[in-house]
Amino acid sequence: MLAAGVPFMAKPETPPSLKLGIDLFSIRSQNWSPLQYLDYCAAQKAKVVHFSEIRFIGGLEESNLRKVRERAAELGIEIEIGMKSICPTSKMFDAKAGTADEQLSRMIDAAVTVGSKIVRAVLGSADDKVMGTLTSKQVELSNVDLTQQFTDLVIIQRGYQSSSQVISVANQMIQQLVDMRTGQSSGG
């Protein structure tokens, strides 16, 4: 039995483990299939593989993405996906692939299918910069409504907070019921 004056000793938190990852852009010259990239990364003991462009993952067809997800799961690898520019004024933007909204929507669907927690997108590259001059309206011409996107993000974040508070209250109620039940069984 502990004395009343002895402080409670909390278990020290274990620091999160560091995950080694590989961005496939750095080994793109191999021209491997997505499964070959995963096998190579597993041999290097990578825990995260970033398919930084659609071409590295072999396309956004659902059957392909499912194969990649299954292979990554077999190897114990977490997948992240990315795409080129979402800024229509960038030289990296591929207008043939649709509007920025359409491209992002397809990538988000692909992320869900392949199990990626993120979709990395860029605004542009160094080729978009004009040295020695200020280039205006490069991002402003994007057809993505950033105000609406941030508003949606705040709404989703507040919904998440509310949900977590509901879960916390429910956990407290369950604990009180367990404590009451334990108190009844030990007292009677």
Give me the pairs: first residue in the stretch 31-50 and more than 19 Å from Glu62 (Cα to Cα), second residue among the charged types (D, E, K, R), beta-carbon distance under 7 Å, and six or more apart or on different chains, which are they? Lys47/Lys19; Lys47/Glu78; Val48/Lys19; Val48/Glu78; Val48/Glu80
On the basis of being outside any loop (DSSP other than H, G, I, E, B), surrounded by 14 or more Cβ atoms within 10 Å (Cβ to Cβ), without any contact (Cβ under 8 Å) to a residue 40 or more places away in the chain and aliphatic (A, V, I, L, M), does Leu65 make the cut? no
Would you mind stating whether Val130 is outside any helix (DSSP H, G or I), at pLDDT below 90, surrounded by 10 or more Cβ atoms within 10 Å (Cβ to Cβ) and among the β-branched types (Val, Ile, Thr)? no
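For (1) closer than 30 Å to Lys129 by Cβ; (2) out of contact with any Phe, Trp or Tyr (no Cβ under 6 Å at 6 or more places or on another chain); (3) not polar (S, T, N, Q), each residue gets a yes or a no:
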{"position": "Ser52", "(1), (2), (3)": "yes, no, no"}
{"position": "Gly59", "(1), (2), (3)": "no, yes, yes"}
{"position": "Ser63", "(1), (2), (3)": "no, yes, no"}
{"position": "Pro88", "(1), (2), (3)": "yes, yes, yes"}
Single residue of the stretch 145-157 satisfying the filter (over 19 Å from the mean Cα position of the chain (by Cα) and surrounded by 10 or more Cβ atoms within 10 Å (Cβ to Cβ)) that is farthest from Glu102 (Cα to Cα): Thr151
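The values are calculated or read from the model by the stated rules, or taken from the named source; none is laboratory data. Not measured: the values here are computed from a predicted model. As a convention, Cβ positions derive from the backbone with ideal geometry for all residues, glycine included, and neighbour counts pool all protein chains shown.
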